[in-house]
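Have a look at the structure below before the remarks.
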Amino acid sequence: MTEPRRLISAASLSCDAAEQVPAGRCLLLFRDVGICAAVDFLRHAAGLRIALPTDYRADFRPMLAASGEGILFDRLGVALLNVDADQARALAGRADTRMDVLAPEQAVRGARLGSCPLRAVGEEPCRLADTAGATWGLQATGVLTSHYSGRGIRVAILDSGLQLAHPDFLGRAVISRSFVPGLSAADVNGHGTFCAGVACGPERPCEGPRYGIAFGADLYVARVLDDDAGGTDGNVLAGIDWAVRNGCAVISMSLGSPVAVEDSYAQLYEQVAARALAAGSLLLAPAGNESQRPELIAAVQQPANCPSIVAVGAVDQTLGVAPFSNGGHAGSAARVGVVAPGIAIHSAAPGTSRYQTGSGTSMATPFVAGVAALLAEAHPNARGAALRAVLQQTCRSLDAPPRDVGAGLVQAPP
Amino acid sequence: MIRANVAIAVADEARDRIFEVAATCRALGLDHTSTLTDIGVLLGSLELDNLLRVRAVPGVVAVEIERDSRIKEALEERYRHPQAAIKVR
């Protein structure tokens, strides 16, 4: 007989927290559970009546008017439930790593509607700041409360290499390769070390606050940029090919070249990105830093403008769009996919200084890579397009046009 | 003659014979340097006069002249301090 499915991850919800699961409407995220198993569990564990969105031709909300009812959004892997106190306890008492509580519905809905907890209506926006323990970006993306580290996930950083002797990477298993003729993978420019630090830096750096996200991930460093941080399509494509061949679930490439608003994306890059997705590798690229908001919003650069690549925009410490962050335009299909912290970002640097602060969508892109690695660990079957969907579905909505922020601010799994 | 570095995307249905496609492109003047089998791309250089002929090779879906990728940073001091950021127009 099959072991009954359990709900609410013990790893992500403490006993104390489980007891605090409120009666009322809540959202549950299923990590890796088939639709039939999910419905069966919800029915048997808590006596819930479960429907699917396809059961309704119009509005499903009346269905949830009574407690004991729920809707399973099978394509999203999310159930919206209306539970009473007994049912909430019944669900909370059965732990399983394949299912997880997201939040009571009102909290999630509030974020989706764009209300920012940092900013009450009529108030000046709050400003996040680095603390002694962690950078503001880690706070904003929920990394500090995540139970995941990216363990077992391969993350590729295509950039100017990595200072392999940096004390924060000593003892770390790093696979590196240079695709720039005549140059090793050792980073002189600093851009690659910075990006690798944000995506996969240590949990406890030698100095200063924590700045890295997926400290447990396997780091693959492909050098595709030279000492002046310039490179060619050939280098980049060779790096992508290498990363795909090595089974990297996440490929972060903080590079690109500006395009005009009327330019379409490069068919070749789109083809490559689609193939990478099909092979289980998610490509991330910066939207670009050519804007001068509010007067000028430059178009999403290439290759981020390809539909199969996640274009990453940048936000500041108030979660407002960074002045330089490129965005979408009417008549152009290129859009920002998600945003991440991109101003005053602290990370690793080569040389004696060891650390530096930088701003740009280049800095935001490895943020997304790190969070994507945590999500990939949390959702073992989500790779390629499925990982992209999870990344976007779990974003926190922001009070800004979708063309500028896409699905919103990326969030680490709890 | 102007010669340029190019990247050639091979169609999905031709990926299992990518080396044949490469041979055909070489016969049309491609100085073939790399075959990226996992993403189905050929790298090399080509005289621009031959670009359209290579594009017409069965199994080729795109030929792109190589562009430089370059990071453009926004590392200015103004983004590090709120007071300075206000100066941004």
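The values are calculated or read from the model by the stated rules, or taken from the named source; none is laboratory data. Just so we're clear, the structure is a prediction, and the values are computed from it rather than from any experiment. Cβ placement follows ideal geometry from the backbone for every residue including glycine, while neighbour counts extend to all protein chains displayed.
Entry remark, region B:1-29: residues being over 13 Å from residue B:47 (Cβ atoms), β-branched (Val, Ile, Thr) and within 18 Å of the chain's Cα centre (by Cα) number 4 in total.
Scanning region A:296-319 for residues that are at the interface with chain B (Cβ under 10 Å from one of its Cβ atoms) and either more than 17 Å from the chain's Cα centre (by Cα) or over 13 Å from residue A:286 (Cα atoms) (or both) gives A:296, A:301, A:302, A:303, A:316, A:317, A:318.
Summed over region A:320-334, residues that are of a type in the set (S, T, N, Q) and at the interface with chain B (Cβ under 9 Å from one of its Cβ atoms) total 1. Filter region A:260-284 down to the residues that are under 18 Å from the mean Cα position of the chain (by Cα) and of a type in the set (Val, Ile, Thr) and list them by number. Listed by number, the list is empty, since nothing qualifies.
Within the bounds of region A:364-382, is there any residue that is touching a strand residue (DSSP E or B) at 6+ places or on another chain (Cβ under 8 Å), surrounded by fewer than 22 Cβ atoms within 10 Å (Cβ to Cβ) and not polar (S, T, N, Q)? Within region A:364-382 (the criterion being touching a strand residue (DSSP E or B) at 6+ places or on another chain (Cβ under 8 Å), surrounded by fewer than 22 Cβ atoms within 10 Å (Cβ to Cβ) and not polar (S, T, N, Q)), the answer is no, since none of the residues qualifies. Can you tell me which residue within region A:233-271, out of those that are of a type in the set (Asp, Glu) and within 7 Å of chain B (Cβ to nearest Cβ), is farthest from residue B:6 (Cα to Cα)? Among those residues, the one meeting the criterion is A:241.
The one condition from (1) aliphatic (A, V, I, L, M); (2) away from chain B (no Cβ under 14 Å); (3) part of a loop (DSSP other than H, G, I, E, B) that residue A:221 does not meet is (3). Just to be sure, is residue B:4 more than 9 Å from chain A (Cβ to nearest Cβ), closer than 24 Å to residue A:239 by Cβ and surrounded by fewer than 16 Cβ atoms within 10 Å (Cβ to Cβ)? Yes.
The condition of being modelled with pLDDT under 90, within 13 Å of chain A (Cβ to nearest Cβ) and under 12 Å from the mean Cα position of the chain (by Cα) holds for only one of B:45, B:69, that being B:69.
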